[in-house]
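Notes follow once the structure below has been shown.
The values are calculated or read from the model by the stated rules, or taken from the named source; none is laboratory data. Quantities reported herein were computed from a predicted structural model and do not represent experimental measurements. Backbone-built Cβ (ideal geometry, glycine too); neighbour counts: all protein chains shown.
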Amino acid sequence: MLSISAWIQIAGAVQLAIGLANLPLATRLQYRKNLAGASEIVRQVFYVHAAYIVLVVLGFAALALLFPAELSSGRPIGRFLSAFLAIFWLLRVPIQLFLAVVFGLAAMR
């Protein structure tokens with residue numbers, strides 16, 4: 001059976017893969033074309049947010065890959081960061097599904 005530190009490092013590797021997979025996303029999803037009708041400020045905010053999301057995910061990956069013992073130590077900072085990471089990822093899918101329903105229904109009107 002794998003230790004909790006090993007599972008944290010596996011989670012870090014998955015986060016690293018997610019972060020790296022997001023790097024070519026702007027091109028693959030044609031951000032430039034899809035945002036052509038948006039104002040300049042909306043385009044800038046979108047690009048900055050997209051870049052920061054990648055940076056945050058890569059930072060999470062680095063935490064998990066480099067500090068698994070600290071994250072599983074039971075110390076307050078490790079517990080806080082572990083809980084935050086778990087909540088961040090556990091909320092990801094429900095938030096996206098909720099927004100898909102909201103925007104999907106709005107688009108149908």
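Examine the stretch 31-49 for a residue that is under 17 Å from the mean Cα position of the chain (by Cα) and of a type in the set (Gly, Ala, Ser), and state whether such a residue exists.
No, the stretch 31-49 has no match at all.
So if I check each of 61, 6, 17, which one is of a type outside the set (D, E, K, R), surrounded by 15 or more Cβ atoms within 10 Å (Cβ to Cβ), closer than 22 Å to residue 82 by Cβ and modelled with pLDDT of 95 or more? Explain how you work it out, then say what you get.
Values: 6 fails: surrounded by 15 or more Cβ atoms within 10 Å (Cβ to Cβ); 17 fails: surrounded by 15 or more Cβ atoms within 10 Å (Cβ to Cβ).
Of 61, 6, 17, the one residue that is of a type outside the set (D, E, K, R), surrounded by 15 or more Cβ atoms within 10 Å (Cβ to Cβ), closer than 22 Å to residue 82 by Cβ and modelled with pLDDT of 95 or more is 61.
Answer yes or no as to whether residue 80 is among the aromatic types (Phe, Trp, Tyr) and either surrounded by 12 or more Cβ atoms within 10 Å (Cβ to Cβ) or at pLDDT 95 or above (or both).
On the way: among the aromatic types (Phe, Trp, Tyr): yes; either surrounded by 12 or more Cβ atoms within 10 Å (Cβ to Cβ) or at pLDDT 95 or above (or both): yes.
Considered against the rule, which asks whether it is among the aromatic types (Phe, Trp, Tyr) and either surrounded by 12 or more Cβ atoms within 10 Å (Cβ to Cβ) or at pLDDT 95 or above (or both), residue 80 comes out as yes.
Pull up the stretch 28-53, narrow it to residues that are among the aliphatic types (A, V, I, L, M) and part of a helix (DSSP H, G or I), then point me to the one that is surrounded by the fewest Cβ atoms within 10 Å (Cβ to Cβ).
Narrowing the stretch 28-53 to residues among the aliphatic types (A, V, I, L, M): 29, 35-36, 38, 41-42, 45, 48, 50-51, 53.
Right, trim to part of a helix (DSSP H, G or I) and you get 41-42, 45, 48, 50-51, 53.
On the way: 41: 8, 42: 11, 45: 12, 48: 10, 50: 15, 51: 13, 53: 13.
Among those residues, the one meeting the criterion is 41.
Could you list, in sequence order, all residues of the stretch 54-79 that are within 16 Å of residue 15 (Cα to Cα) and not in a helix (DSSP H, G or I)? Steps first, answer last, please.
We begin by selecting, within the stretch 54-79, every residue within 16 Å of residue 15 (Cα to Cα); these are 54-68, 71.
If the condition is that a residue be within 16 Å of residue 15 (Cα to Cα) and not in a helix (DSSP H, G or I), then 67 is the only one that fits.
Under 7 Å between Cβ atoms, which residue pairs at least 6 apart in sequence (or on different chains) link something in the stretch 1-29 that is of a type outside the set (Asp, Glu) with a partner that is not in a helix (DSSP H, G or I)?
Between residues of the stretch 1-29 that are of a type outside the set (Asp, Glu) and residues that are not in a helix (DSSP H, G or I), the close pairs are 4/72; 5/72; 8/72.
What pairs come up if the first residue lies in the stretch 61-86 and is more than 18 Å from residue 18 (Cβ to Cβ), the second is surrounded by fewer than 16 Cβ atoms within 10 Å (Cβ to Cβ) and of a type in the set (A, V, I, L, M, F, W, C), and their beta carbons are under 8 Å apart, counting only those six or more places apart or on different chains?
Between residues of the stretch 61-86 that are more than 18 Å from residue 18 (Cβ to Cβ) and residues that are surrounded by fewer than 16 Cβ atoms within 10 Å (Cβ to Cβ) and of a type in the set (A, V, I, L, M, F, W, C), the close pairs are 70/77; 72/4.
Does residue 85 satisfy the condition of being surrounded by 15 or more Cβ atoms within 10 Å (Cβ to Cβ), at pLDDT 95 or above, part of a helix (DSSP H, G or I) and not basic (Lys, Arg)? Don't jump to the end; show me each part of the working.
Details: surrounded by 15 or more Cβ atoms within 10 Å (Cβ to Cβ): yes; at pLDDT 95 or above: no; part of a helix (DSSP H, G or I): yes; not basic (Lys, Arg): yes.
For residue 85, the condition - surrounded by 15 or more Cβ atoms within 10 Å (Cβ to Cβ), at pLDDT 95 or above, part of a helix (DSSP H, G or I) and not basic (Lys, Arg) - is not met.
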